[in-house]
1. Restricting attention to region 463-511, which chymotrypsin sites (Phe, Trp or Tyr not before Pro) occupy a DSSP loop and are surrounded by at most 12 other Cβ atoms within 10 Å?
2. How far, in nm, would the chain grow between residue 528 and residue 284 when pulled straight, counting 0.36 nm per residue and subtracting the alpha carbon separation?
3. Placing unit charges on C-beta atoms (Lys and Arg positive, Asp and Glu negative, everything else neutral), compute the dipole magnitude of region 658-778 about its Cα centre in debye, rounded to 20.
4. DSSP beta bridges in region 571-697, what fraction antiparallel, as a percent rounded to 5?
5. Cut-off under 16 Å on the C-alpha distance; same-chain residues fewer than 8 positions from residue 469 excluded. Which aspartates and glutamates are left, in chain and number order?
6. Would you calculate a helix-derived [θ] at 222 nm for the chain, using -39,500 (n - 2.57) for each DSSP H run of n ≥ 4 and dividing by the full residue count, to the nearest 500?
7. Set the Förster distance to 25 Å, then compute FRET efficiency between residue 796 and residue 15 from the Cβ-Cβ distance, nearest 0.05.
8. Please work through the chain and write down the cysteines that have no neighbouring cysteine Cβ at a distance under 4.7 Å.
Amino acid sequence: MKEIAEVAIGLPIQKTFHYYIPERMQKILQIGMRVLVPFKGRKVTGFALDLLDHPPPGVEEKLRDIEALLDEAPLIDRPMLNFCRWISNYYLYPLGEVIKAGLPPGLHLKSEFYLSPTQTGMDRLSTEALDPIQQKVLTEIQRHHQMTLKSLLKKFSGEISRAQLFSWKKEGLLELEGGIKPTSAKPKFERVLQFKGGISDQTLSKKQLHILKWLEEKGEVPYSELRKQFKSPSKAIRSLENAGWVSVIRKESFRDLSVHPELKPYPKPEPTAHQRSVLEVLSKGIHSQRFSPFLLYGVTGSGKTEIYLRAIETVLAQGREALVLVPEISLTPQLLSRFKDRFGNNLALLHSGLGAGERYDQWRRVWRGEVKIAIGARSAIFAPFKKLGMIIVDEEHDSSYKQEEKLKYHARDLAVVRAKQADAALLLGSATPSLESFHNAKEGRFTLLRLPERIEGKPLPKVEVVDVKKGEGLLSERVREALQRNIQDKKQSLLFLNRRGFANFILCPDCGLTFKCPNCSVTLTHHLRVRSLQCHYCDYRVSAPGDCPRCGSHRLRGVGIGTERLETEIRTLFPDVQVERMDSDTTARKHAHQQILKRLESGQIDILVGTQMIVKGHDFPNVTFVGVVSADTSLHFPDFRSSERTFQLLTQVAGRAGRGETPGEVIIQTLNPDHYSILRAMEHDFVGFYQEEIEFRKALDYPPFTRLINFRLAGNSEKRTQATAEALGRLGDALLKRGYRKGIEILGPSVAPFPKMRGKYRFHMLAKGKNSRWLHQFARDVILQSEDLIKGKGVALEVDVDPAFIL
Ligand code: ADP
Ligand code: ZN
Ligand code: ZN
């Protein structure tokens, strides 16, 4: 029996601790279970990482006992634990929290008290040395071996109280232990009919014969299905069951996913020559069963999806499993329906749009090896596969792979790590690869695969840039012409504007008043239809004023445009065509997004106005014109990746045009017609953009030439948050003096780009370094030593590791 457990405690450090395993737990405790342990005078949750025969040398006398077991079964297996360890170490986040983040929400376990009789209790029960109510309760518990406090109190409600039970515990009759049970998500069971024997007997009734024939064909059918086919079948079934021809069993069922997008079917095409050569290289990587990373750089419409589908077929043929990450699954119904058409039910869906029960079901299907493919958004990187052969990351440049809250991981970077740990192939795909990934390919760390042209040699759309400095109003003459022409030709158009609402903000021209969010340092956006001013960060809302509340002026006016106003103007401009808008306001209802895309596919929409959402990988052959109303919003974002983001966005939007027979046309309106992001996007020149951007990154020592870790402080009091930030700065400086000087540079502390968000004042400090290991070591020291500095100040420290993964 193992006597010692290595335990991870909920701290963002990798140090682990050892505890004795009390005898009663020795048979039950397994790696991957959570335990309650004493730590610095408190009781904390820990994770059993390893079980040992002997304590590590020199700590024996100090070791204490594990107090309680919190899980009935391990939550994860060893390889997954190693993966989580890596994540915890790299993102400086508590291991227990990492593991939790990787589990479906239904498994976020809730603690409950379990009662069991002690030896004393049992003895006294058998000698009847208890009062009648104790006798009754203990008998009941003993019958179940163990009961939860809740169920016991329910059973004997009115007869016993919680306090009584606790006093019996004191008397030594009962044991009370913290335990765990799944919360909302539970497996669902259903009755299933199975066909057992041949149909020969002539004594069967017509109905029975009918049912039996039907069953023979199906083999196995849920009872509910039978009910739909035959009226009141239970009597017939009972006699069939008695005769041994049918058996009725209870089986776990999986909630049906109501996400089938019902788009056009996707037949399996013969691969083109380009696709074939890409597949050939890929297939070698897959067959090697070693870590083989690939970057697939294929222009928009070059047929990347078919590469994914066929690569997965190769993986399945080897008896291994495939994981596919997509930026946001609810936004890419087309990709999903292509996967469904090819793989049917051998596919699990993992994303946050599903209900807890659905998610739990999907997760379990993967866990038990019932499906070989999973497709999902960033958190699907934790899918519990055991024989992973390949991970695909579609649109690998997409910023939604970065989780911005709590555990701030980047799913693409984690895909690299997981594929490596699993000896699997890795396929990152994009028409606009991230600088990091392309750099990795250039340096030979990834094998670069290319699909240089669109399918069937279709040309990329012609892109024109219109300088709107002179101000022709919302839409330039050129865009209006193009829309008009498309209407005449019965083609469809997309208009992209990366800002929702009616007006950006409301201004009083008489006294200069603008309306600011009380919680965030931003102005409120005007939404006309719902007559409100809204904050797009914290969701604060007030009704829109008619007159200026300060000077009473009647001339309040909206400044800057959003998609709502764009839609209105387009409707006025083209009253006879179908105009729709797709942004988070119009797609709040479930499936609204899919329905809009379906109407676009079937030609019911002539002009679709929208935000980012219209950019994502859609493939609609009748869309021939795409207008970008303003390319400048993303360009001015305070982030060193703003040029890259702009280039990606423009190229992706443009990529929606001209996928059918008619060549596409794109017009970009901008105030910065000479900016290289815009010029290179106009020329479809990713490599040119990369070369310019990488020079800029090199000159300024930005990723991928350095690594960044951001320390963010947020607190309710501006003064205290600032003081804490300054103290953090001094700590950083002191650490530099004590030996970190070489290789690490600190920027700040300073006020964050948005100084106030959701009511919190924000400051940050940036650490920059060339050596990742060294930089992380520094960050770990900062976190450890800042504990006292932050304690009791009402200020939270968060650490954000910049996604710039280098192997
Ligand atoms: P990407 O993801 O690279 O933008 P898609 O995978 O959407 O491109 O493919 C673009 C279009 O080309 C789709 O309509 C798809 O059906 C079609 N396609 C892909 N491969 C082939 C092929 N080998 N032969 C014919 N059509 C293809
Ligand atoms: Zn005013
Ligand atoms: Zn706000």
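Derivation of every value follows stated rules applied to the coordinates shown; laboratory data play no part. The model shown is predicted, which means the values in this text are computed figures rather than measured ones. Heads up, the Cβs are rebuilt from the backbone with ideal geometry, glycines too, and the neighbour counts pull from every protein chain shown.
1. Numbers: sites: 496, 502, 505; in loops: 502.
For chymotrypsin sites (Phe, Trp or Tyr not before Pro) across region 463-511 that sit outside H, G, I, E and B with at most 12 neighbouring Cβ atoms in 10 Å, the list is empty.
2. Values: separation 244, 0.36 × 244 = 87.84 nm, distance 5.67 nm.
Net length gain for the segment: 82.2 nm.
3. On the way: 20 positive and 13 negative charges, 267 e Å.
Magnitude of the dipole: close to 1280 debye.
4. On the way: 0 of 8 bridges.
Roughly 0 percent of the DSSP beta bridges within region 571-697 come out antiparallel.
5. 477, 632, 674
6. Numbers: 25 runs with 266 residues, N = 807.
Only helices count here, giving -10000 deg cm²/dmol.
7. Details: r = 22 Å, r/R0 = 0.88.
Once rounded, the FRET efficiency stands at 0.70.
8. 84, 538
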